[in-house]
1. Rounded to the nearest 0.05, what FRET efficiency do D148 and M305 have when you use their Cβ-Cβ distance and R0 = 30 Å?
2. Could you compute the net charge surrounding R942? Neighbours are other residues with a C-beta less than 13 Å from the C-beta of R942; K and R count +1, D and E count -1.
3. Rounded to the nearest 0.05, what FRET efficiency is calculated for S883 and Q751 with R0 set to 56 Å and r the Cβ-Cβ distance?
4. Please work out the Kirkwood hydrodynamic radius for segment 97-162, using every pair of different C-alpha atoms, and report it in angstroms with one decimal place.
5. Per DSSP H run of at least 4 residues, take -39500 (n - 2.57); add these up for the chain, divide by its residues and hand me the 222 nm value, nearest 500 deg cm²/dmol.
6. Which GluC sites (Glu not before Pro) in segment 447-489 pass both tests, a DSSP loop state and at most 12 other beta-carbon atoms within 10 Å?
7. How many nm separate the modelled label positions at R856 and A491, each set 7 Å beyond the Cα in the direction of the Cβ?
8. Dipole of the chain, Cα-centred, from +1 at each Lys and Arg C-beta and -1 at each Asp and Glu C-beta, to the nearest 20 debye?
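The values are calculated or read from the model by the stated rules, or taken from the named source; none is laboratory data. Just so we're clear, the structure is a prediction, and the values are computed from it rather than from any experiment. FYI the Cβ positions are ideal-geometry reconstructions off the backbone, even for glycines, and counts take in every protein chain you see. These area figures cover heavy atoms from the full protein model, side chains too; ligands, DNA and RNA do not enter into them. Shrake-Rupley method; radii C 1.70, N 1.55, O 1.52, S 1.80 Å.
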Amino acid sequence: MLDTAMPVGLGGVEDLFGDEVPLSIPPKTQGRHLYQRLDELRNRGCCQTVAWSRAGNIASISPDGMNLELRMLRAHPSNGVWNLSEPTTTDLVKGSVVNPLVHLEWSPTTAPDLAVFDSVGRVMIMNFPVSLNNAYVNRKWDADTVDDMNVVVGCHWLPVAPLSQYGPATKPSKSHRVYQYESSFVHAIGPHHPHMSKSALFCVTMGGLLKMYWSQNNGRIEETTMELESVCSSDELVTHASLATDKKYIIIVVTTATKKLKVIKLEIQWAGPGAVQEKTQLSQTARLNPSLVEDHLATIDWLQMVDEPSLPEFTTLQALPSIIDNGGKAGLPLIIGVRARSSGVGGFEMMQTVIDRWECAEQKSAIQTAFEQIGSRRNSVSNIQELPISTRLKRLDPITINKTVIGVQASQYGKALVFIMSDGSVEHRDRFTFEELYTTTNESRIMNLREAGWAFSEEGPCYQAAFSPTQCSMIQIGDDGKLKWSKLQHAQGDIGDSNNDGVYCASIAGLSIAAAGCVHTQANFDDLLAIAHPLADKKRFTQDWIQELIRILKIQVDYSQESHHESLMRNNSLHACMSIMNSLGFKGELAPRSFQSKFANVFLNVRIIVILTTVACNTPLQARDKVSPLDEPGKSFISYNTCLPLTHSDRIIEVVEALAGELKWSIDLLAWILDCLFELMSDETFVQHLNGKLSTAAEYLQERNDVALHVLLCSSTRSFLLAMCRRIAHLDGISFRAVEFYRKEAAEAEQSGVARLPSGQLQQAYQRMQRVTSTSLVPVGEFEKMLNTLGHDVKQAYAVYLPALLKQSSHPPQGKQIDHMVRSSQAQMEMVMLVSRQVPPAFMPLIKKFLMDDLRAMRAQTDPAQLFFADYAALGVQDDACSLAARAARGGSYYDVFKRVELRPSATLAVKPWRRCVRCPAVMEDVSSNRPGVTYVVAQQRKCSCGGSWGLLAKDKLVL
């Protein structure tokens with residue numbers, strides 16, 4: 001009866017003062033889920049069941065603590081819209097009803113390791129070398145002791161070397177359109193692994209034990225332990241611990257059941273106690289023998305010092321190292337203790353969080369006045385021993401927040417802190433003043449997208465959260481225990497369409513700062529692509545964003561003067577910019593790409609082919625011990641420093657077959673480019689536009705979505721095509737000599753009667769490679785000459801046009817300034833041509849010459865009819881209505897981006913799993929090899945050619 005709602009009518013009774021009183025129901029309380037989460041935070045320092053790595057892996061523990069689930073962000077192949085992938089449950093680690101999985105911690109390395117903890121402190125370390133959802137075990141926990149005293153209450157991965165932090169972006173006033181980007185100071189890191197690409201995991205247990213898991217020089221995970229606290233009773237148990245690297249030491253802060261707060265300093269001696277090698281950097285081959293030395297600095301009874309004793313337990317403990325702010329002021333190490341609660345009476349909740357703060361201040365011990373007088377009388381004593389420096393905890397004013405804080409995370413290398421609330425909201429606070437940041441929009445100074453009016457729109461119950469590497473999106477766990485992805489959105493919905501809009505400029509600056517840091521540190525920024533994807537429909541958005549990135553990172557884009565291509569292949573920042581262009585213009589497998597995306601797609605594919613061919617044919621000197629993919633022990637003949645494999649090997653066959661596929665794709669691309677150019681040459685509309693304005697001709701090419709001419713005019717893509725032509729000639733020579741060798745071997749074996757050398761599939765792979773070059777529709781040598789001629793004409797056009805243009809300015813440069821301004825103007829023109837369809841006016845004469853003279857000469861050496869009717873489906877560049885209809889009619893037909901061969905799910909998925917790119921629709925078979933040389937080649941495919949990460953597809957699915 002009491003559970004039945006009874007309607008109550010007031011019968012027209014009015015309020016005492018004659019006013020209508022609206023009756024409202026109090027908001028729904030968060031209830032037992034929040035209470036349960038706060039109890040977990042109070043009782044166990046490590047209970048984070050969702051974590052986001054810098055590589056883009058999203059790991060989470062199932063609500064029952066039994067399974068580890070792996071996810072990532074991915075663009076859907078059908079429409080390019082970003083969302084959270086389906087979970088992949090790994091069988092490598094399992095919890096139990098008695099000992100469930102309780103905590104996850106990612107390392108900060110480029111290829112991050114994942115530490116998985118169970119309720120009794122056992123630790124398993126996993127890595128993800130290729131696919132974001134396919135793990136390998138580095139350390140098993142089978143030998144770990146099952147003991148409640150080993151429960152982990154705090155853990156920390158050693159940092160890797162920090163790099164420059166980009167931002168803020170500033171401009172004098174709103175009327176200015178161009179932002180100036182600063183590079184903020186990043187303090188030097190403290191203790192780190194001797195091998196800069198590796199880290200080490202520190203864990204503090206409930207029993208006061210410190211464990212360090214570290215990687216030996218052979219890659220094996222080893223363990224070093226020491227006792228931090230002697231625990232003899234339950235009152236001395238450690239409840240929370242936090243670690244931070246500071247200068248030469250690690251600061252460890254622990255709290256005990258008796259409400260004591262202790263600060264410990266830890267030193268790591270990697271070469272052993274007192275070893276001489278500690279003074280210098282250890283070599284990569286030196287065997288590590290780390291020794292840990294601790295020093296207890298300070299102890300306080302923290303509960304007696306706080307203002308709110310009704311909150312007697314920490315829910316979060318955070319140690320922050322000393323840091324220098326942007327003004328050059330040094331800050332002391334800081335300890336933050338968060339005490340949160342959520343209690344209520346009668347359905348009304350009272351949420352409150354108290355943040356206690358202590359600074360670790362060093363001071364010299366004081367001497368009594370009488371002793372000082374005695375010391376001053378003894379002038380004969382020349383050497384007086386200095387007093388030891390002690391550490392005291394200086395309590396700062398507490399901070400009160402009228403919300404329940406359920407998580408704290410450092411940002412901007414410790415200069416800011418992010419507080420996550422139980423209602424799903426987020427607060428950023430300054431580390432020094434603890435004032436809230438980004439509360440108002442400020443278009444004159446942009447450090448974060450929130451200053452441009454962006455915010456997390458979907459708020460709701462949130463009991464755990466994990467931020468992306470860019471901190472522009474987060475994964476939340478709510479009432480139902482399911483993961484929800486939330487990304488920044490602009491409060492007004494539309495940011496404008498051009499640089500004339502202040503919000504548009506500020507948003508571009510915020511996105512550029514966030515992306516620049518990730519590009520520079522090789523961290524994942526897929527959530528930025530997800531945020532920007534709806535904005536890519538704006539006319540200039542993609543161009544403006546990429547131009548700002550090139551400005552911030554000072555990326556080289558002009559390769560018109562370079563004859564060698566090594567610097568171009570190593571230009572990872574340019575590759576990242578092309579990856580962004582490629583992703584933003586992707587609208588689905590059966591939809592045409594934008595002009596910029598199509599151009600970037602050609603750039604990325606040609607680049608990876610040049611790199612793979614170079615790596616396969618040239619083994620690094622340090623890996624020369626029988627590891628070249630084109631080198632096998634046994635009989636061989638050497639030509640042009642290349643050893644041909646002569647024995648049958650499945651591992652070698654895979655690489656040679658892949659090279660044959662890359663060779664076929666490369667020649668098809670050259671054929672497609674010629675076919676498009678021949679069509680342009682005969683297009684009367686385009687020829688008429690060339691006789692007018694070049695901008696009109698460029699617009700016409702964009703309408704046709706024809707990038708062939710643009711690929712040749714842009715110096716970076718033209719250089720890649722030149723490098724590809726030379727690789728084609730090189731592989732042609734290798735395959736010819738290999739086929740000749742097998743033919744001679746067969747003839748000699750037939751004459752002598754001795755069994756011939758086994759060949760099989762390897763010989764067939766070389767024969768396929770030879771067939772590709774011998775039946776080519778394009779004379780590759782002549783194509784290379786055409787590119788060289790075009791490149792020479794481009795240099796001449798710049799040399800004539802730019803000096804004349806600069807002399808016409810109001811303040812023409814003089815002397816050496818002319819050369820500097822010419823190079824700067826040329827780089828600016830190349831940048832505009834790279835990110836848009838615009839072509840410099842100086843190119844008008846050379847384009848006419850190229851179409852009327854050079855291209856006609858090339859046409860005379862080819863068969864235009866064969867080029868027109870050739871099949872270019874494997875290239876994936878044809879996006880006219882007929883080609884898209886044909887692609888849809890083929891149904892489940894895909895092309896392997898490594899071997900460049902056709903794949904069909906029904907035939908191959910059941911035999912070998914597929915990888916799928918999270919950014920583009922590319923797929924490839926999951927390949928691996930234990931042979932070092934082959935592994936070195938396959939390692940180049942640890943990411944897709946577009947720069948996106950791989951996800952391993954389930955056998956019955958084609959979407960991640």
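1. Efficiency, from the Cβ-Cβ distance: 0.50.
2. +1
3. Given R0 = 56 Å and the Cβ-Cβ separation, E is 0.60.
4. Evaluated over segment 97-162, this radius sits at 12.9 Å.
5. Computed ellipticity for the chain at 222 nm equals -10000 deg cm²/dmol.
6. Working: sites: E451, E458, E459; in loops: E458, E459.
For GluC sites (Glu not before Pro) across segment 447-489 that sit outside H, G, I, E and B with at most 12 neighbouring Cβ atoms in 10 Å, the list reads E458.
7. Going by the 7 Å Cα→Cβ label model, 6.4 nm.
8. Details: 95 positive and 101 negative charges, 534 e Å.
So the dipole magnitude of the chain works out to roughly 2560 debye.
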